[in-house]
Amino acid sequence: MAETHSAGAAGAGARDRIARVEVRMVHSHLRSKRAQGVGSVESLVKRVLLRLTTEDGIEGWGEAAPWEVFSGTAEGVAAALDVHLRPLVLGAPAGRIDALMARCERALFAHPEAKAALEMALYDILGKRLGAPVHALLGGAVRMAIPMSFSLANPDTEADVAAAQALIASNGIRIFKVKTGFSTHAEDVRRLTRFRATLPEDIDLRVDYNQGLDPWDAIRTLRDIEAFRPTFIEQPVPRDQRAAMAAITAALDTPVMADESVFSPTEMLEAARLRIADIVSIKLMKSGGIGPARKISAIAEAAGMPCYGGTLFEGGIALTAATHFIAATANVSLGCEFYTPRFAFIEDIAVPKLPVEQGAVMVPEGPGLGIGIDEAALARQTVEVRG
Ligand SMILES: [Mg+2]
């Protein structure tokens, strides 16, 4: 009886214990080169996929897509999961998600992408065991459609104009985020002028510097950018330049969004206290999973700061987990940028591709994450399997 109690949040006992941990390094190809802020992404994204299998054969999937100039590395994530977290995960009850994640937090510093991958795989298993989608496990959906933003980051502006026009016509996309700060200010102004001249007047344009401006001269630069009526300006200066973020937020009429400056609930608390932004981008790859992401959103909500669903270059497994988080978290009300599975990767591994209807990402309704795995695509993209 004691065994049953210790093992089963879902009452599944020993059958719920994790029997197998498989870590895969995959290489996924993008359709076009992207330039953005402090780092550019060429044609390849390195991802780490995690497959957990319980004693009774339920599989849960996780994904990490780090970006080396932003957080960690794929190699570091693979080592974190394979070497450091595997011993804690093997034999643990899959349904006791928060307890296992707390053990992992004590055992391994940082590595939020690895922890996010593990946590989403555990939610996938629990949802499949209970026959419920992950958002139901989080208290139920407040929305099932999330307005989608597409990022314009091609150094070839005319290619971006064509891509945006095609997305408006074919998928009803109404939100575009222009990546700035990777070239000159004059070039940013030229690109924004071109987007405003060629895209419909009521399109929702947002601007993301990815930390690209010098703190000592950012306000003058951003006053020019405000003329293009962006909905928000994201992370204009480096993450640790919090005084500059606060000064910019106070000086501009346009809302400022913190991305790189807020990874954790503690950083969110500081962001609210120092008012370094008006709004915040939440990414599971930064927070280390849905649990901490919900804490960030709760702190932001208490401070009157709505949140946005950001990404690095995750595919359909990680972004589906994020749709469940946003579905169940009212304060994440500024949309999402979950476009990579459908519009950036040549081939994804989760099936079906994350659905986009009338400009919004649709939250899956099946048990767990509510996705399947294309084993052939997985095999094609796998470069290494551990476990
Ligand atoms: Mg950003």
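Based on what the data block shows, is ILE203 within 16 Å of the ligand (Cβ to nearest atom) and within 23 Å of CYS336 (Cβ to Cβ)?
no
How about region 239-340: which helices (runs of 4 or more DSSP H) wholly inside it have at least 3 residues that are more than 12 Å from the chain's Cα centre (by Cα) and either within 16 Å of the ligand (Cβ to nearest atom) or in the same structural domain as GLY366 (by TED's automatic domain parsing) (or both)? Steps first, please.
On the way: elements: 242-251, 265-274, 284-287, 290-302, 316-327.
Passing ranges, in order: 242-251, 265-274, 290-302.
Pairs are defined by a Cβ separation below 9 Å, a sequence spacing of at least 6 or placement on different chains, a first member in region 150-170 that is within 20 Å of LEU312 (Cα to Cα), and a second member that is among the basic types (Lys, Arg) and part of a loop (DSSP other than H, G, I, E, B); the pairs so defined are ALA153/LYS33; ASN154/LYS33; PRO155/LYS33.
Yes/no per residue for (1) crowded, with 19+ Cβ neighbours inside 10 Å; (2) among the basic types (Lys, Arg); (3) in a strand (DSSP E or B):
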| site | (1), (2), (3) |
| --- | --- |
| LEU52 | yes, no, yes |
| GLY60 | yes, no, yes |
| VAL77 | yes, no, no |
| VAL83 | no, no, no |
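So if I check each of VAL351, VAL363, which one is assigned by TED's automatic domain parsing to the domain that holds ALA318 and surrounded by 17 or more Cβ atoms within 10 Å (Cβ to Cβ)? Write out each step before concluding.
Working: VAL351 fails: surrounded by 17 or more Cβ atoms within 10 Å (Cβ to Cβ).
Every option except VAL363 fails the conditions.
Among the residues here, ARG273 does not qualify as on the phi > 0 side of the Ramachandran plot and either surrounded by 20 or more Cβ atoms within 10 Å (Cβ to Cβ) or of a type outside the set (A, V, I, L, M, F, W, C) (or both).
Condition check ((1) within 16 Å of the ligand (Cβ to nearest atom); (2) modelled with pLDDT of 95 or more; (3) over 25 Å from the mean Cα position of the chain (by Cα)) across all residues:
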site: ASN154; (1), (2), (3): no, no, no
site: GLU158; (1), (2), (3): no, yes, yes
site: ILE168; (1), (2), (3): no, yes, no
site: PHE195; (1), (2), (3): no, yes, yes
site: THR198; (1), (2), (3): no, yes, yes
site: ILE233; (1), (2), (3): yes, yes, no
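Remark: pairs (first residue in region 317-332, touching a residue at least 40 places away in the same chain (Cβ under 8 Å) and crowded, with 24+ Cβ neighbours inside 10 Å; second residue assigned to a helix (DSSP H, G or I) and of a type in the set (Gly, Ala, Ser); Cβ separation under 8 Å; 6+ apart in sequence or on different chains) = ALA318/ALA116; ALA318/ALA117; ALA321/ALA116; PHE325/ALA293; THR329/ALA293; THR329/SER297; VAL332/SER297. Somewhere in region 214-226, is a residue in the same structural domain as ALA169 (by TED's automatic domain parsing), crowded, with 17+ Cβ neighbours inside 10 Å, in contact (Cβ under 8 Å) with a residue 40 or more places away in the chain and within 16 Å of the ligand (Cβ to nearest atom)? Yes: one or more hits. Among the residues of region 29-36, is there at least one that is of a type in the set (Gly, Ala, Ser), within 16 Å of the ligand (Cβ to nearest atom), in contact with a Pro (Cβ under 9 Å, 6 or more places away or on another chain) and modelled with pLDDT under 95? There is at least one residue in region 29-36 that is of a type in the set (Gly, Ala, Ser), within 16 Å of the ligand (Cβ to nearest atom), in contact with a Pro (Cβ under 9 Å, 6 or more places away or on another chain) and modelled with pLDDT under 95.
From the list GLY310, GLY335, exactly one residue is at positive phi, touching a strand residue (DSSP E or B) at 6+ places or on another chain (Cβ under 9 Å) and modelled with pLDDT of 95 or more. Which is it? The match here is GLY335. Checking the condition in contact with a Lys or Arg (Cβ under 9 Å, 6 or more places away or on another chain), among the basic types (Lys, Arg) and closer than 30 Å to VAL256 by Cβ, which residue from ARG342, ARG386 passes? Selected residue: ARG342, the only one of ARG342, ARG386 that is in contact with a Lys or Arg (Cβ under 9 Å, 6 or more places away or on another chain), among the basic types (Lys, Arg) and closer than 30 Å to VAL256 by Cβ. Determine whether ARG342 is touching an Asp or Glu at 6+ places or on another chain (Cβ under 9 Å) and among the basic types (Lys, Arg). So ARG342 passes the test.
Report yes if PHE176 is more than 16 Å from the ligand (Cβ to nearest atom), among the aromatic types (Phe, Trp, Tyr) and either within 26 Å of the chain's Cα centre (by Cα) or more than 19 Å from VAL256 (Cα to Cα) (or both), otherwise no.
Numbers: more than 16 Å from the ligand (Cβ to nearest atom): no; among the aromatic types (Phe, Trp, Tyr): yes; either within 26 Å of the chain's Cα centre (by Cα) or more than 19 Å from VAL256 (Cα to Cα) (or both): yes.
So PHE176 fails the test.
The values are calculated or read from the model by the stated rules, or taken from the named source; none is laboratory data. Worth saying up front: this structure is predicted, and the values here are computed from it rather than measured. For neighbour counting, all protein chains shown are included, and Cβ atoms are generated from backbone atoms with ideal geometry for every residue, glycine included.
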